Amino acid sequence: MPPEGKGSADERPRSIRPCPVCGKPATREAWPFCSERCRDVDLHRWLSGSYVIPGRDDDEETPG
């Protein structure tokens, strides 16, 4: 049994943050998003290349 006042990892409340897509409060079911729709919007952005992590110029491949 967990110590007094501390629940299991599933019972502890997650930090309260807004949905990264629309800004509404996140729900436990779709965390960190507010809904499945916002989760799908975020996935589409990743898959379509809207989110890009820039690399350094020296990361380019040099012809061998």
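Laid out as a table, the results:
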{"quantity": "Some residue of the range 51-59 being charged (D, E, K, R) and at pLDDT 85 or above", "calculated": "no"}
{"quantity": "Selection from the range 26-61 of residues that are of a type in the set (A, V, I, L, M) and more than 18 Å from Ile16 (Cβ to Cβ)", "calculated": "Val41, Leu43, Leu47, Val52, Ile53"}
{"quantity": "In the range 19-49, the residues that are among the hydroxyl-bearing types (Ser, Thr, Tyr) and either surrounded by fewer than 16 Cβ atoms within 10 Å (Cβ to Cβ) or assigned to a helix (DSSP H, G or I) (or both)", "calculated": "Thr27, Ser48"}
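The values are calculated or read from the model by the stated rules, or taken from the named source; none is laboratory data. Everything quoted here is computed from the prediction, not taken from an experiment. Methodologically, a virtual Cβ is constructed for each residue, glycine included, from the backbone with ideal geometry; neighbour enumeration extends over all protein chains shown.
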